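Take a look at the structure set out below.
The values are calculated or read from the model by the stated rules, or taken from the named source; none is laboratory data. All values reported here derive from a predicted model rather than from experimental measurement. Virtual Cβ from ideal backbone geometry, glycine too; neighbours counted across all protein chains shown.
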Amino acid sequence: MSAGVLEVRDVQKSFGAVTAAKDVSVTVPQGSVYSLIGTNGAGKTTFVNMVTGYIKPDAGQINFDGRDIAGLAPRQITRLGIHRSFQIAQLCNELTVEENMLVAGAIHGKTGPSFLRRADDGSARDRALATLERFNIAEHRNRLIPELSGGVKKLLDIAMAMAGETQVMLLDEPTSGVAADEKFPIMDLVIEALRAEGVTVIFVEHDMDIVTRYSERVLAFYDGQIIADDAPDEVLSDPEVQRYVTGGPA
Amino acid sequence: MMTNKLKATAGAALLGLGLAGPAAAQDDTFKVGVITFLSGQAAESFGVPAWNGGKLLIEMMNEGGKLPAPYDTKGFGGMNIEFVVVDEAGGATKQVQEFRNLVQREEVDAVVGYVSSGDCLAVPPVADELKAFTILYDCGTPRVFEDNSFEYVFRTAAHATMDNVSLARYLKSRDFDVPSYAGLNQDYAFGQDSWADFTGAMEQIYPDAEVKTALFPKFGAGQYGTEISALLRERPALVHSSNWGGDLQGFLIQGTARGLHERSQIVLAAGDHVIPQLGNKMPDGIFLGARGVNGLAAHARGGELKELTDTMWDAYEAEYGVFPVQAPFRMWQALFGLKTAVEKAMADNGGTKPTDEELAAAMKGLTWDAPSGRIEMALADGHQAIQPNAIGTTKWNEAEGKMELVDVEYFSARCVNPPVGIKATEWLAQGFPGAECE
Amino acid sequence: MRMSVYLSAIIAFVALAAGSIILPDWAMFLFAMALAKGLVCLGIIGMMRGGVVSFGQGLYYCIGAYTATLIANHLGVSDIFLLTLLSAAVCLVVGLVFGPLLSNYRGIFFAMLSLALSMVLYGSLSKMSFIGGTDGLNIGAPTFLGWAPEGRPLQTALYLYVVAIVVISGTLMRIYFDSERGLITLATRDNELRVEYLGASVRNLMTYNYVFGALLGGIGGTIAVLALGHVDPEFAFWTTSGEFVFVAILAGYLSVPAVFVAAIILELVRSFSNLYFPNTWQLALGIFLLVVIVALPNGLGSLVSKRKENKT
Amino acid sequence: MDLLATILVDGLIYAGWLFIVSVGLTLVFGVLNILNIAHGSLYAIGAYASASLVGAYFAAGGNAFPFGSYIALILAAVLVAIVLGPLLERGLLRYFYGRDEVLNVLVTYAVFLILEDVMKLIWGVNPYFVYEPYTLLGNVEIGPLFYVGYDFAVIAAAIIVGLAVWLTLNRTRMGKVVLAVIHDAEISQTMGVNVPRIYLGAFMAGAFLAALGGALTAPMISVTPGLGPNVIIVAFAVVIIGGLGSVPGAAIGALMVGISRAASVHLVPEAELFIIYFVMAIVLMFRPEGLFAKTQARKI
């Protein structure tokens, strides 16, 4: 098995009577861009949560780099290079944008976080600033989180996840809560940055325009199962997908 | 990084705020720092009545001529008595701090205080360090002077050992049969020590009596249902308790409602002070002491101290509408002692206000009369008092509507207190060597 | 930047040390006690930065005090440096035992479990009549590397000792708060999930903060008992711990010196209300508390720290 | 009588009283998210109020119908709730909703300090006694032991209180609204629930239950200063053991505390002082949220 491949095999998960994942299997090669579609409750976020350790699957394997990571803690999975963003951006509201970025930088520093080294010493700030600039949000660096627009929050959320060495990035609805005219610019920025580093991308999305434009392959979820796994055009023209997911021909 | 400096300045400003203490007392006044419970559990039983009695006595002394000789002179050797009162509630830590404040900030001439044994252990080393004349007026633990010796600290009341020795002696002298007994004491040092003293005395006087159970409900528990069940089940001939205040009242109310006093003889080491409150709810036939010849036992005693006792008794009853129980008696004996010591020191130094050293020298080994009898600073090299004790039996006087103490037996100080040079626990264990009983 | 921390440490030391000359005896004692208690509160501040508040810091205050007392009374050690070290070591061990356990708890549950632990200690000590039970124990005056002062020199030496410890621990904690781990702790208070998903162990952070709190609590307790000369189980009672929390809230978690200022203010307020309102000092203290909470929701530190506002 | 049965009866009597106090504490926490230290003061005020009211009842010739004193007891608790409930909730606590839990504990600690002295200013330090209601119901003989009938009346009162609270919450419209507020006050507000009124109501109910606990205890103790602090810490243990905000949890917690305390008094009297904290620490170690609290997964 080659490096950087994420392989999900026969994963099951149910919450009481609700089945959130049933026989979910998929192999995501390194450097590819996948999107996940499906109605609310179809199992997309459960998929992301299982891969990133928030939820432990009832059964099945999740292999990354040839190692089963199912059931590991989020921080252990993160340490392996699998990062994620959140539907609702997870930021520290009492800290500034720059400080949020410094937190991410401190955790991913080469020697691990220190008790003595200042969090805001020169080189750390330079690195944080560079990342913020890459995502075009450096101008907001001294503002507190609640003052930011939805789009900036989303970008910061992703930028923080990118602070470490990233091999796989799972984006949970990167454009939800973002103004309509910002969606494409944000996706342009994010996908470009991730591809530039050869990162595998898996994103959850409801907007089919975004799905067709950015993903190489689409996984359609319905009732906890993957009902289609193909290129965007193929999936979106699949009658089953049209019936259960998109609600009509695209 | 200006912040540190800013705060240092703020701190300095605060300093200035707190520094201006009141001026020292004048030469014609004698300032006493008084520490007693004004809040919490011990306020009602000890702190407040003691200070009520103390305030009354200081007023009487300041007026002069209100008391029989030798206490008929004004104030302390002519000096007017002033006082500052501090609440004893809050624990020993707080008391050590307050003690320093009283001595160093308020510049009192003497400190009179402490009901709690913990405070009585914590304060003396500081008193000696500051060379501040201090009277412990109430607390019970023998450890104060048995574990240490102090130059400037005096306790004008006998320690608690005599309370329980007297109870055991009372049982014996009344030929009370004790095949078995049990205890219910508050779960803190005074309760634990009292039980240890009582069992120690009983082992000597009733060597065959069996201990059924020793219960230690939480201090301030209020509800004794479970404990009373345990006592009823065990059926001891005798139930000992050193409880006081609300804990004692609650225990008696709940115990009598369930017939505990009919099944077992109840003996109380310090029970007199609940009589005014409980009235006829206090069952007849309970054996109790007052930690000294205090309250009803003092009133019933008569003898040569009758005039002094009656003067204080009547004044207290007139002022507060209730008769004085043990706490004011102990405050009185402290203040009478202090007056005697001050005047003795002034007689020695030519009539000026005595220093702490002169006071300590005068107090050492002093003997004086108080409503509770003759107080002798006999132990701990003249720093620890011994005093007579009394035990009686409760009896409700229906005609007059008040509780009386009958079959009172008085024990001389040397009968129920250990002699010089032996620790209380050893004295008990060795069978009261050197006890002088009539 | 780091230089300014050292500089303010030196200024703080000089300012506080000046107290040994200008303060009257009673005030110097009051300050020494307040600073010792401030050390305990500094430990709570460390935890507060991570979003939890211990209502049982009396546990370490008490363990520190009893350790010093028992060692002094039974092994004859009176050297203040040695006593502090030994008590701190004991508290370190206990903190390492309970830290990993408590690091799983948040909010009111952390508060209550820490309270329960200190109350178990309180209950146990109250029962141990061979070490004084509820009456507690006395401890003699400390010596300083063989020097055994008395009277004012003793008080001065003790005061300077606590000032030195306060400045050293305050500086170390400031460095820690400003460090990478310090910032991550602050982020944890805000959003634990984010921190876990960045790859840091929140439990590990919490454990460290708890252990630091244990150490500071033990050192505070040791100094307090040496100044007071007496320890009893009340050191572990919940009202003692509650007072520490009060100081921590009064100070806020933004500034280190604010902790010690808050501790001194509380001691002064209590001491004077005790004297001037002996019958209603609790009322006075309660009103003072409410006023502080209403007027300074982020603590005294917010008066001087600009962290809440934009830094441009 | 069998030792086990004695422990059970003693534990039940203690649990009954404790449950009444604790359920009020847990209710206030559930709705207002405030762990109220002043709950103990409300208990003490309830005891004082009932002592005064029952005293007044007998002074006004209540001897003709002594059972009326039970009405006076309950009335005292109602009075405390009506007077202090709005005063504390509207006048103070509402300014702290949504603030840090621990800060709120401190606010109520301040209230506790203030009320301790206020009680002293109103009732002084002398004890109050009202034992008439305690002895009215006679004695009950169980095996070789006497129990006071009143003890069992308190158990009955606890059962009634428990059922009433549970039924109100789960079987009435108002209860459903309260549960909705407990679940999410903000959403309830947008759905037209008068949240402030629910908060006030819940706090008054909590204050009533605290005061009722005190009022029912008053006849068997002497009402003196310092009652509150002893009660609050035990009630805390109960609700922490049972799970904050849970009514059945308060019941189980009270039973566990009552019975383990009784067992300790009869079997190992040395352990009585800390058995409660010990049980609490053990429960928290294995069930961090208490026995009955629901653990909620956070949506991300």
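Brief remarks follow.
- When D:Phe112, D:Phe146 are checked against the criterion of being among the aromatic types (Phe, Trp, Tyr), at the interface with another protein chain (Cβ under 10 Å from one of its Cβ atoms) and touching a residue at least 60 places away in the same chain (Cβ under 8 Å), D:Phe112 stands alone in meeting it.
- For B:Val48, the conditions (1) within 14 Å of another protein chain (Cβ to nearest Cβ); (2) outside any helix (DSSP H, G or I) all hold with the exception of (2).
- Flag if C:Ile10 is within 11 Å of chain B (Cβ to nearest Cβ) and either surrounded by fewer than 20 Cβ atoms within 10 Å (Cβ to Cβ) or touching a residue at least 24 places away in the same chain (Cβ under 8 Å) (or both): yes
- Residue, modelled with the lowest pLDDT, within the stretch A:19-33, restricted to residues that are surrounded by fewer than 21 Cβ atoms within 10 Å (Cβ to Cβ) and touching a Lys or Arg at 6+ places or on another chain (Cβ under 9 Å): A:Thr19
- Of the helices (runs of 4 or more DSSP H) lying entirely inside the stretch D:108-204, the ones with 2 or more residues being among the small types (Gly, Ala, Ser), touching a helix residue (DSSP H, G or I) at 6+ places or on another chain (Cβ under 8 Å) and over 24 Å from D:Ala77 (Cβ atoms) are found at D:185-190.
- Positions within the stretch B:176-198 being crowded, with 20+ Cβ neighbours inside 10 Å and either within 14 Å of chain C (Cβ to nearest Cβ) or at positive phi (or both), in sequence order: B:Asn185, B:Gln186, B:Asp187, B:Tyr188, B:Ala189, B:Phe190, B:Gly191, B:Gln192, B:Asp193, B:Ser194, B:Trp195, B:Asp197
- Check on B:Ala157, of a type outside the set (Asp, Glu) and either in the same structural domain as B:Thr199 (by TED's automatic domain parsing) or in a loop (DSSP other than H, G, I, E, B) (or both): yes
- Meets criteria (within 11 Å of chain D (Cβ to nearest Cβ), part of a helix (DSSP H, G or I) and crowded, with 24+ Cβ neighbours inside 10 Å) for C:Ile293: no
- Residue pairs whose Cβ atoms lie under 6 Å apart, separated by 6 or more positions or on different chains, with the first residue in the stretch C:176-200 and farther than 22 Å from A:Met169 by Cα and the second aromatic (Phe, Trp, Tyr), are C:Tyr176/A:Phe115; C:Ser179/A:Phe115; C:Arg181/A:Phe115; C:Gly182/C:Tyr176.
- Qualifying residue in the stretch A:170-182 (condition: over 24 Å from A:Ser215 (Cα atoms) and part of a loop (DSSP other than H, G, I, E, B)): no
- When residues of the stretch B:117-135 are limited to those that are of a type in the set (Val, Ile, Thr) and either outside any helix (DSSP H, G or I) or free of Cβ contacts under 8 Å to residues at least 24 places away in the same chain (or both), the one nearest to C:Ala148 (Cα to Cα): B:Thr134
- D:Met280 being within 23 Å of D:Phe152 (Cα to Cα), at pLDDT 80 or above and either under 14 Å from the mean Cα position of the chain (by Cα) or surrounded by 24 or more Cβ atoms within 10 Å (Cβ to Cβ) (or both): no
- Enumeration of residues in the stretch C:147-198 that are within 12 Å of chain A (Cβ to nearest Cβ), out of contact with any Leu (no Cβ under 8 Å at 6 or more places or on another chain) and small (Gly, Ala, Ser): C:Gly182
- Pairing each residue of the stretch B:388-410 that is farther than 13 Å from B:Asp272 by Cβ with any residue that is in a strand (DSSP E or B) and among the acidic types (Asp, Glu), provided the two are 6+ apart or on different chains, yields C-beta distances under 9 Å for B:Lys395/B:Glu404; B:Lys395/B:Asp407; B:Trp396/B:Glu404; B:Asn397/B:Glu404.
- Flag if B:Gly90 is more than 23 Å from the chain's Cα centre (by Cα) and either more than 22 Å from C:Asp232 (Cα to Cα) or facing chain C (nearest Cβ under 10 Å) (or both): no
- Residue in the stretch A:6-29 that is in contact (Cβ under 8 Å) with a residue 40 or more places away in the chain, within 14 Å of chain C (Cβ to nearest Cβ) and either within 22 Å of A:Ala220 (Cα to Cα) or assigned to a loop (DSSP other than H, G, I, E, B) (or both) present: no
- Some residue of the stretch D:4-19 being of a type in the set (Val, Ile, Thr), under 30 Å from D:Asn194 (Cα atoms) and part of a helix (DSSP H, G or I): no
- Restricting C:Leu226, C:Leu275, C:Leu250 to those that are within 14 Å of chain D (Cβ to nearest Cβ), over 12 Å from the mean Cα position of the chain (by Cα) and part of a helix (DSSP H, G or I) reduces the list to C:Leu250.
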